[in-house]
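In what follows, a single structure is set out as structure tokens and then discussed.
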Amino acid sequence: MTDKVGRKYVLSGTLAAAETRRDQVRTSSPQSMQLGNSGGRVILYQPDGEIEASIFYRRVDKGETITF
């Protein structure tokens, strides 16, 4: 996945159809992927760089979880 400025977060493993998974994106350095507090876009890429999916998200309250 990438954020709006191109910083990456690499997912591992595979998911079966209709399977769900939860990942927490944490900011450990300025180079880490970051989600903007006021909303934004997350892009999911195939290993070859082709876009698999893209979603926009909205601003949420503190402690609220965003489900994609």
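Contact map, the stretch 40-68: residues that are closer than 21 Å to Glu19 by Cα paired with residues that are polar (S, T, N, Q) and at pLDDT below 85, Cβ distance under 9 Å, separation 6+ or inter-chain. Pairs shown: Val42/Thr2; Ile43/Thr2; Leu44/Thr2; Tyr45/Thr2; Thr67/Thr20. Just so you know, in the stretch 19-62 the residues that are at pLDDT 85 or above and among the polar types (S, T, N, Q) include one that is surrounded by the fewest Cβ atoms within 10 Å (Cβ to Cβ), and it is Gln46. Taking the stretch 10-67 as the range and being outside any loop (DSSP other than H, G, I, E, B) and not β-branched (Val, Ile, Thr) as the test, the residues that pass are Gly39, Gly40, Arg41, Leu44, Tyr45, Glu52, Ala53, Ser54, Phe56, Tyr57, Arg58.
The values are calculated or read from the model by the stated rules, or taken from the named source; none is laboratory data. Remember, it's a predicted structure, so these values are computed and weren't measured experimentally. Every residue, glycine among them, receives a Cβ derived from its backbone with ideal geometry; neighbour counts consider all protein chains shown.
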